[in-house]
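Trainee: Quick one: the structure is below, and I'll ask about it shortly.
The values are calculated or read from the model by the stated rules, or taken from the named source; none is laboratory data. The structure displayed is predicted, hence computed values, not measured ones. Because the Cβ atoms are built from the backbone with ideal geometry, glycine has one as well, and the counts that use them run over all protein chains shown. Heavy atoms of the whole protein, side chains included, go into the accessibility calculation; ligands, DNA and RNA do not. Shrake-Rupley method; radii C 1.70, N 1.55, O 1.52, S 1.80 Å.
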Amino acid sequence: MNVVLMGFMGTGKTSVGKRLAERLGYSLVDMDEIIERREGRSIAQIFAEDGEGYFRRLERRVVRELAERDRLVISTGGGVVLDPRNVDDLAASGVAVCLNACPETILDRVAQEGQRPLLERGDKAERIRSILEDRRGHYERVPHQIDTDQLSLEEVVDLILQIDAVQNNCI
Ligand code: S3P
């Protein structure tokens, strides 16, 4: 069984993933990091040089590989849900959890950073709102949902550890 974290940029997948992996004694893998390492360049460079379609094909390949593995906490990129096959494959490999946050929280969390190519065009707040809206149906397909706005990192981790399938198969 793997535990897979999905959700929009800035919803805490990486920090929750690190803590969750420690608590479960699992290895943490970050899909964006795998892609950057393989390509030898940053996500921003991949988008700029080869476009989003190219990035999505790399992402799809990494999903297929990770879905075959076991005892991983997988932190996905925010757009992994755009291909429904990714959600299906990752959910079939274990427990898939979507971390949700409102646009204001997301803006707070990503405001200081400049490495998310999809948020760099135009007004950040507007981009967040419109991409979230476009993707809502995709995020809703993820089997487990957690609203993180009012929760600390440790509380989010606790909620994930309380999911029945995690209790029964991972602990
Ligand atoms: C993306 C999210 C990013 C990264 C890429 C595209 C998206 O990952 O994969 O910039 O489409 O939402 P994070 O969610 O880790 O920022």
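Trainee: Can you put 108, 83 in order of accessible area, largest first, using a 1.4 Å probe? Intermediate results must be reported in sequence, preceding the final value.
Mentor: Working: 108 115, 83 40 Å².
Sorted by accessible area, descending: 108, 83.
Trainee: Could you work out what % of the accessible surface of the chain is carbon and sulfur, using a 1.4 angstrom probe and leaving DNA, RNA and ligands out of the count? Please list the in-between numbers first.
Mentor: Working: 3740 of 8470 Å².
Summing carbon and sulfur atoms, their accessible area is 44 percent of the total for the chain.
Trainee: Could you work out the Rg to Rh ratio of the chain, with Rh taken as the Kirkwood radius (inverse of the mean 1/r over all Cα pairs)?
Mentor: Values: Rg = 15.2 Å, Rh = 16.2 Å.
On the Cα set of the chain, Rg over Rh gives 0.94.
Trainee: Let's see if you can work this out: charge +1 on each Lys and Arg Cβ, -1 on each Asp and Glu Cβ, no other charges. What is the dipole magnitude of segment 131-171 about its Cα centre, in debye to the nearest 20?
Mentor: Values: 3 positive and 9 negative charges, 49 e Å.
My answer is approximately 240 debye.
Trainee: Do the sum for the chain: with -39,500 (n - 2.57) for every DSSP H run of n ≥ 4, divided by all residues, what is the mean residue ellipticity at 222 nm, to the nearest 500 deg cm²/dmol?
Mentor: Numbers: 8 runs with 95 residues, N = 171.
The helix contribution divided over the chain gives -17000 deg cm²/dmol.
Trainee: Follow-up. At 7 Å along Cα-to-Cβ for each site, give me the label-to-label distance between residue 56 and residue 41 in nm.
Mentor: Spacing of the two 7 Å Cα→Cβ label points: 2.0 nm.
Trainee: Sticking with this structure for a sec: Using a basic spin-label model with each label point 7 Å from the Cα along Cα→Cβ, how many nm lie between residue 68 and residue 124?
Mentor: About 3.9 nm separates the two model spin labels.
Trainee: Show 59, 133 ordered by accessible area, largest first, where the area counts protein heavy atoms only and the probe is 1.4 Å. Mind dumping the intermediate values first?
Mentor: On the way: 59 5, 133 110 Å².
Of 59, 133, the descending order of accessible area is 133, 59.
Trainee: Would you mind working out the magnitude of the charge dipole of the chain relative to its Cα centre, with +1 at each Lys and Arg C-beta and -1 at each Asp and Glu C-beta, to the nearest 20 Debye?
Mentor: Details: 24 positive and 31 negative charges, 79 e Å.
Rounded to the nearest 20 debye, it is 380 debye.
Trainee: On to the next question. Show 8, 47 ordered by accessible area, largest first, where the area counts protein heavy atoms only and the probe is 1.4 Å. It would help to have the intermediate numbers written out before the result.
Mentor: On the way: 8 5, 47 30 Å².
From most exposed to least exposed: 47, 8.
Trainee: Between residue 48 and residue 134, what length in nm is gained on full extension when 0.36 nm per residue of separation is reduced by their alpha carbon distance?
Mentor: Values: separation 86, 0.36 × 86 = 30.96 nm, distance 2.21 nm.
Roughly 28.8 nm would be gained on extension.
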